[in-house]
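I have placed the structure first, in the form of structure tokens, so that the comments after it can refer back to it.
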Amino acid sequence: DAGVTQSPTHLIKTRGQHVTLRCSPISGHKSVSWYQQVLGQGPQFIFQYYEKEERGRGNFPDRFSARQFPNYSSELNVNALLLGDSALYLCASSLARSSSYEQYFGPGTRLTVT
Amino acid sequence: QQQVKQSPQSLIVQKGGISIINCAYENTAFDYFPWYQQFPGKGPALLIAIRPDVSEKKEGRFTISFNKSAKQFSLHIMDSQPGDSATYFCAASIAGGTSYGKLTFGQGTILTVHP
């Protein structure tokens, strides 16, 4: 089975622009979570989506938004990009929302804001 | 309340040695404790996980030890190999409330295994 896939792999944007990152979960997984990983740190939780609804949100500004589609794939949108948004954005999928289910991460999208 | 503190920041071990990474948490509501391995340019890969109802879990060369009263858990890598050189993250998640299923990560440990 294919793992979690993310696109694009790398992205370079300019301050003030917006960006859309995409994630396809493992087949059969209904929950998708987004994390931001700044170089040298552990991933930080941004959002969790389950059954197309936002179920959790981390301490990130409203410039960050996301959605989940009927096929359970997901998009993360970031508006008005800042230099500090440069990071590896990770998507994780799990069967369901509970902590009883393992979360599997994709390879990430490396975003560079200049 | 939500923090997970990980140590050491970096670790150098000789091939065949034992690597030990420690984590401590404050929130007693955490009920799931996974460890992830991350290679440069890759996403974290689930290595092994434990729940508070057991004190130890072993999978191959990897063992998690869990001390509920001390709110600490650790990863032991036996017979460490150069291919184990990577960054290791502990994490914890909480059942219920707005943090349902959210993983809280430690800061990471860079492991280097010398041949």
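The values are calculated or read from the model by the stated rules, or taken from the named source; none is laboratory data. It should be emphasised that the depicted structure is a prediction, and the values quoted were computed from it without experimental measurement. Because the Cβ atoms are built from the backbone with ideal geometry, glycine has one as well, and the counts that use them run over all protein chains shown. Areas reflect the complete protein model, heavy atoms only, side chains present, ligands, DNA and RNA absent. Shrake-Rupley method; radii C 1.70, N 1.55, O 1.52, S 1.80 Å.
Evaluation of A:R67 against the conditions (1) within 18 Å of B:K42 (Cα to Cα); (2) open to solvent by 80 Å² or more (accessible area, probe 1.4 Å); (3) at pLDDT 95 or above shows that the sole unmet condition is (1).
Counting only residues that are under 11 Å from the mean Cα position of the chain (by Cα), more than 23 Å from B:A92 (Cβ to Cβ) and open to solvent by 20 Å² or more (accessible area, probe 1.4 Å), the range A:74-106 holds 2 of them. How many of the residues making up the range A:29-65 are hydrophobic (A, V, I, L, M, F, W, C), within 14 Å of another protein chain (Cβ to nearest Cβ) and part of a strand (DSSP E or B)? Counting residues in the range A:29-65 that are hydrophobic (A, V, I, L, M, F, W, C), within 14 Å of another protein chain (Cβ to nearest Cβ) and part of a strand (DSSP E or B) gives 5.
In this structure, A:A66 does satisfy being free of Cβ contacts under 8 Å to residues at least 40 places away in the same chain and among the small types (G, A, S). Within the range A:1-28, the only residue that satisfies the criterion of being part of a loop (DSSP other than H, G, I, E, B) and among the basic types (K, R) is A:R15.
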